[in-house]
Each structure stands twice: as structure tokens, then as C-alpha cells.
Amino acid sequence: MPLLKLSMLSGLLLLGICMGCFIGAANISIDEIAFFVFTNEGSTSVIWEYRIPRALLAIGVGAGLGVAGALTQGVFRNPLASPDLMGVSAGAGLAATSVVLFYPESSNEFLMIAAIFGGFVGAGAIIILAQLFSAQTVQFALIGVALSAFLASCIDFLVMTHPGEINAAMIWLTGSLWGRGWEHIPYLWGSLLVFLLIALMITWKMEAISLGDEAAVSLGIKPQQFRLFTLGIVVILSSLSISVCGTMSFVGLLAPHVARLMFRSNFRVIVLASALIGGLLVLMADLLARGIQPPLEIPAGIMTSLIGAPYFIFLLQRGKV
Amino acid sequence: MMLSAKNLTVGYGDRTILNDLSIDIPSNKVTAFIGPNGCGKSTLLKTLSRVIQPKHGSIELDGKSFQHYSEKQLAKKISLLPQVLHAPEGMTVRKLVTLGRTPYLSFLGRLSEVDHEHVTNAIKNAGVEAIADHFVDALSGGQRQRVWIAMILAQDTPIVMLDEPTTYLDLSHQVALMQLIRAMNNQGKTVVTVLHDLNQACRYCDHLIVMKDGKVITQGMPEAVMNRSLLKSVFDLDAEIFQDPIAQSPMCVSLF
């Protein structure tokens, strides 16, 4: 059964990629696309150079955030936990913004490393604060909200004080895939696949963690150590996504919830499904972002918020959170 | 399998709960920690099951300190039924019982034929076959407890710790649980449990360890331990001891 639903999700992703070939500032007809597919030439290089890589990036970014969200919620047994609330997103966003503003010439790789570093600092700060106040589930989420708001205001401050670079920096505030292409694919998809594989390999321990720390200890698992390890993967996956397209809010929070609604199943399936659903969310958001009013582009991050926030309230009202 | 604590000091922050406590747990018997609220009996059980780290002192298994064993090795020797059971959303009974095999799994967590056999037997012995494919979060408290016992059976440890297992159960489920505990003991397991109900402790346990203010006051067979002055001094309870007409064990009846 899970296999059927998982392949359905993959099918939707393929459909999304195909739709992505049509939608955008330049109008390209089906004939032209068919011509391109069969002869590999024509004006439609737009598709190969811009639209296909962009769809692949959207999927990669969303999948990374989805997996990061599923791992965070699982390891903290907290349905409100997400990379957004762990200080990871804001930390990585602040680091990326700083790099773009102060070293506009730096390479993608440097940006990525800076974002991961920022993500680790953000997550570290939350963990230290939570330890200081020996925070429980709700306090933990609140500390996350507070720290994320603080870091986000730092980003605002940087952007406002550097109006010359405001366009580039805006991307990290709202999340957009505009102007991203093949050059981002290798490292994003490479690390996504590596860390997804690691995540799938450790999910069986996550099941023991889900029974509570006392039970996990008596089953021979060290919860604290496991949590830190998993959080490391979360930071890397979400910071990578952020280094490509800025903060896509709600994806890391929502994807695992949707996955759990669709699959009442073991954690391995939830992680896989969160990857697919996250990918689908960002892909759809990006399609909407450039399809609503071409040639004008709305940042995809705004779209994920527009879809995510009402859905999250729907979940709250159903008592699923 | 001999379990003993040597000079344990345990506390949270500045507060000391157990102070320089030493105790031997009798092998192959059912032992109950009893005592008034806040006497440290749950803390002692949690320390013996590695959930709480002692500040000083050591716990020894077969004469060797816990530090000589890996987490996995200890998880194959001592299992724990926590007081509060987290039931994860969307987990079936069978899956939960399978988690009892966690310490036996290798790097990737693949279950062997032997693991499956243990799971099947545990489900049968705990009497949860009929609900094996149900979701744990949809079960009643009594059923949930049974399912967790099945998980502990699958873990296949010579020592089993139970933290107030009867607290949230109705009377008939309490009795069923105590019989399950006796059955585990008959298979040679050492059982250690925290109990609130003195009569239950007297009736179903072989050995009582009576605690107050973080210290062991006395220990021994229920018949040897239970008397009026102990009830007065430890529990501040005026009570008479009778003989249980069915089990012949001591039975406390409060005077007021």
C-alpha cells in the first residue's frame, strides 16, 4: 500500500516537471516542446537551460526541507518542531545574506558552507538556551520562535542598511528560485541523496526514540547522542536548501504532517514521503509563483507560506498538531 | 544474574533523593520497592535501569560495574516498563513489540528469523494476539500496558524493571498484570517493581524493600517485614495485619 501511494507522489512530481516546461515568462507551445524533445534544437533551449533545472532544484530543495522536518519532529517527539523553529533556517539565512551583501563575488560553494555554518550556530544557540531553561516541548518551540524572529530582524537590518543589494538579499527573506540553474544541481542533489540515505539508515532507531527517552535508554539507545547526530543532518540539509533559494517557510513543518496523514506507517516511509511531498510543495509553489502573472514573478517562498499557513491552521483545528 | 547497587547517591540539581544507598536485588525473585510518596523508590528503580545517572556510587551486574558493559549489552540484560507509556501515532502493536529486539539489531536494523520468532512468542505469551494488528494509540490503558509487556518479553532480558505498573489500571487489569509478572518469574526472570498497593505487594511479591526518605528501612519476605510498628513508622498509618484468607499473605487493614 505505501508503495502505491509513494509512486503516485512520484508521478505527481513528474507531472509537475512537465508542467514546469510550459509555464513562465516566455510562451512556448506544445509543438515547440515536442520539436525540442525530438530534435534537441530550436528556441526552446529555454526549457533545457532554465525550466528543467529550476524544477529539479525546486524538488531538491523541498525534499531536503521535508526530510529535515520529518527528522526534527521525530527526534524531538514534537509535532511543532521544524527547521524553521530550530533557528536553523534563520541562522543559515542570516549567514547567506551576510555573504551576499559583504562578499557579492563569492562562489556558490562558499555561500553553501557559510549557510551550513550559520545553521549550526542557530541550532546550537537554541540547544544551549533550551538546556539553560530545561525547556519542555512548548517552551522549546517558543524559544525557537523568539530566536528565529531575532535572527530574521538581523537579516532585515542588514538588508535595509544595504539598499544597493536589496534585490539579491530579498531572495533570502522570501525564498525564490529565480535565476538558479544547473550549477546548483550537483551539490544540492549530491548531498541530498547522501544524507537522505543516511537518514533512511538510522530511522529504525527513531522508532525506539518515539517511545520516550526512558524506553529508548532501556532499549540500548543513547537519546541525547542520537538527537545531536540527527540534528547535524537536519542542519546540513536545510542550510543547503537555504543556500540555494533562501527560506521557504512552512515546507519543513508541513511536509511531515501531510506524510503522516497519508501514511500511518513506519518512520522510513514517513521520511521518504516527506521528501516527495516537500519536493512537490516547492515545485508547485514555484509553478504558481511564475505562472500567476507572467512575466512578473512572485517569490516561491511567499507561495509556500500562502499554502502552508492556512493548512497548518486546518491541522490545528483538527487536533492533529 | 546478580544486580546490586553500591553507595548510590542520586539527585536532581541540588536536591539529593538517595544518599549513600546500597542494595542487593535477589535473583530469580519478584521484588517490590514500597514506601510513602517521595521516598525515592521510583528514583532507585530508574537509576537501576540506567535512566538516571547516579552522582556517586556504582551499580554492578554480576560483580562488574555498569561501565564495563556497552549500552547494547545492558539492554540485553535489563528491560524497563516506564510509568508513562508514549504511544506513537500510527504504530501497530506488532511493530511496537518488534522494537523490543532493538538491542539485538545490527547497524541497519534488519530483523533476523530469530528476532521474528521472539516477537511472535512475546505476542502470544502476553496475550495480545487478537490485537496484534491494531494501532497502539487506539488501545485502552490496560491493553497498552500488555502490549508493552509483550515488548519487554521480546527484549528477552533476565532482569525486568516495572515502574508503578498498576497505577493507572482498574482492579481486574491489575490482577491480570500481577499474574503476568508471576508468569515471567516462573520462566526464571528477576522482576523488580515499584508498587503503591501494600496488599498487592504482599500477595504477589517474594521480597519487599521498604524505603523512606531515600533510605532502605528494612527488607525481606512480606511475612517477615510487615507489622504494625513498621506501618506506623514508615507510612504513618494505624493499621492491623491479618492473614489473607486466599493467599495466606499478610494483609493490612487501616483502622480508621
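A short reminder: the numbers here are calculations on the coordinates, not readings from a lab. Given the structure is predicted, the values throughout are model-derived calculations rather than measurements. Positions of Cβ are backbone-derived with ideal geometry, glycine not excepted, and every protein chain shown enters the neighbour counts.
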Full-stretch length increase - A:N108, A:L3 - with 0.36 nm per residue and alpha-carbon distance subtracted: 34.2 nm
Note, ³J(HN,Hα) from phi for the stretch B:8-20, Karplus 6.51, -1.76, 1.60, rounded to Hz, x at Gly and Pro: 6, 10, 10, x, 10, x, 8, 7, 9, 9, 10, 10, 6
Per-residue average of Cβ from other chains inside 10 Å of B:75-81: 3
All lysines inside 17 Å of B:K76 as judged from Cα atoms, apart from same-chain residues fewer than 8 positions distant: A:K205, A:K222, B:K46, B:K64, B:K189
Amide proton proximity set for B:T193, modelled H, under 5 Å, gap of 5+: B:T31, B:A32, B:F33, B:L162
Span-like helix ranges in chain A, DSSP H, alpha carbon extent 24 angstrom or more, Kyte mean at least 1.6: A:2-22, A:108-132, A:137-161, A:185-209, A:267-291
Label point 7 Å beyond Cα of B:E129 along Cβ direction - residues of the stretch B:82-99 with amide nitrogen under 19 Å: B:93-98
Set of lysines with alpha-carbon distance to B:K232 below 24 Å, sequence-local pairs under 8 removed: B:K41, B:K212, B:K215
Value at 222 nm in deg cm²/dmol, rounded to 500, when DSSP H runs of n ≥ 4 in the protein assembly as shown each add -39,500 (n - 2.57): -18000 deg cm²/dmol
Shielding by other protein chains, A:197-208, mean Cβ within 10 Å: 3
Student exercise, chain A dipole from Lys, Arg, Asp, Glu Cβ charges, in Debye to nearest 20: 1120 debye
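State the antiparallel share, in %, of DSSP beta bridges confined to the protein assembly as shown, rounding to the nearest 5.
If we restrict to bridges inside the protein assembly as shown, about 60 percent are antiparallel.
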Order by protection proxy (mean Cβ within 10 Å, highest first), peptides B:46-55, A:55-64: A:55-64, B:46-55
Exposed-loop-free span, longest in chain A, where trypsin sites (Lys or Arg not before Pro) count as exposed if DSSP calls them loop and at most 13 other C-beta atoms lie within 10 Å: A:1-317
Candidate aspartates and glutamates - alpha carbon under 20 Å from A:K5, same-chain residues fewer than 8 apart omitted: B:E89
Potential lengthening between A:R318 and A:L296 on full extension [0.36 nm per residue; Cα-Cα distance subtracted]: 4.3 nm
